[in-house]
1. Hey, could you get me the Stokes-Einstein D for chain B, Kirkwood radius over alpha-carbon pairs, 37 °C and 0.692 mPa s, rounded to whole µm² s⁻¹?
2. Based only on Cα atoms, what Rg/Rh ratio does segment A:24-98 have, Rh being taken as Kirkwood's radius?
3. Over 18 Å between C-alpha atoms is what I'm after, so list which of B:3/B:59; B:17/B:109; A:78/B:97 land there.
4. Along Cα→Cβ, 7 Å out, is where each label goes; now give me the distance between the ones at residue B:53 and residue A:27 in nm to one decimal.
5. Which one, A:33, A:106, A:90, has the greatest fluctuation when you compute a Gaussian network model over chain A with C-alpha springs under 10 angstrom?
6. Which value, in debye to the nearest 20, gives the size of the charge dipole of the protein assembly as shown about its Cα centre, when Lys and Arg are +1 and Asp and Glu are -1 at the Cβ?
7. Using a simple charge model, +1 on the beta-carbon of Lys and Arg, -1 on the beta-carbon of Asp and Glu, nothing else, what dipole does chain B show about its Cα centre, in debye to the nearest 20?
8. For the pair B and A, how large is the buried accessible area, both sides, in square angstrom to the nearest 100, if the probe is 1.4 Å?
Amino acid sequence: EAGVAQSPRYKIIEKRQSVAFWCNPISGHATLYWYQQILGQGPKLLIQFQNNGVVDDSQLPKDRFSAERLKGVDSTLKIQPAKLEDSAVYLCASSRLAGGLTDTQYFGPGTRLTVL
Amino acid sequence: SQKIEQNSEALNIQEGKTATLTCNYTNYSPAYLQWYRQDPGRGPVFLLLIRENEKEKRKERLKVTFDTTLKQSLFHITASQPADSATYLCALTGGFKTIFGAGTRLFVKA
C-alpha cells in the first residue's frame, strides 16, 4: 500500500510571503492530521480532520494558518503571511479509523519550511 | 497543563546492550500510549501501542511497559544494533487528542 505523500519536500520563502503544502493520505483512511515539528521538539498537532470535518484545530494559529480537506481525501495547509517562527517541518499523517478509537498514525516525509 | 517528558539528553550505548528510554507525563489520563521511531529527514514510524489496562507489550526485540500509577512508560530495545540509532518519540492519546513528547536520541555504537 502506498504511504502518505506530501509535497513539496522543501520550501524557502521570505517572511510575509504565503506558502501551501499538500498531503495525500493513505487510501481509505478516515482521519488526517497536520503537525508542526520545530527542530528538537516533538510534533505539535495543528489540525485534525475526520473525513472532511474538523475534529480539533485548537492549536492552529487561525489568523495566518488555514487548512482544508476536500471530499475527505487530499488536504492542503496554507500559511499567509509567514513569520520567521513558522520555520519547521510540517508533517501530515493519516489513520484508518475515525477518531477516539485505538489507532496508529502513518506519517508522510514532511515538508521542511525555511522562512528568511 | 498536560506535559510529557522524555530524556532530553542523548542516550549512548554499546551494541548488544539493552537501551531503556523513559516517558513521563503529568496532568493527563491517556487511553493508550504509543512509541514511534524518527530518523533524520523522515516522518515518525509507529513501533508499539499499549493500552491503559495493559502492563507490558512486546514485539521482537522491543518491550514497552506502562504504569498509570507512576504515569510512566519505559521502552526497551534488547540486543541493540547500530541500525537502532534514531530518535524515539512517545505519544499519548486520550479524549480524542494525541500529544507527542520531544523524543530521545539513541546512539548505538558498534
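The values are calculated or read from the model by the stated rules, or taken from the named source; none is laboratory data. Here the structure is a predicted model, which is why all the values come from computation and not from measurement. Quick reminder, even Gly has a Cβ in these numbers, built from the backbone with ideal geometry, and neighbours come from all protein chains shown. Keep in mind that these areas ignore ligands, DNA and RNA; they rest on the heavy atoms of the full protein, side chains included. Shrake-Rupley method; radii C 1.70, N 1.55, O 1.52, S 1.80 Å.
1. On the way: Rh = 14.0 Å.
In µm²/s, the coefficient is 235.
2. Numbers: Rg = 12.2 Å, Rh = 12.6 Å.
With Rg and the Kirkwood Rh in hand, the quotient comes to 0.96.
3. Numbers: B:3/B:59 27 Å; B:17/B:109 10 Å; A:78/B:97 22 Å.
Over 18 Å apart, Cα to Cα: B:3/B:59; A:78/B:97.
4. My value for the distance between the label points is 3.6 nm.
5. So, out of A:33, A:106, A:90, the one fluctuating most is A:106.
6. Values: 28 positive and 20 negative charges, 44 e Å.
Roughly 200 debye for the protein assembly as shown.
7. On the way: 15 positive and 10 negative charges, 26 e Å.
That gives chain B a dipole magnitude of about 120 debye.
8. Values: alone 6420 and 6470 Å², together 11410 Å².
Interface between B and A: roughly 1500 Å².
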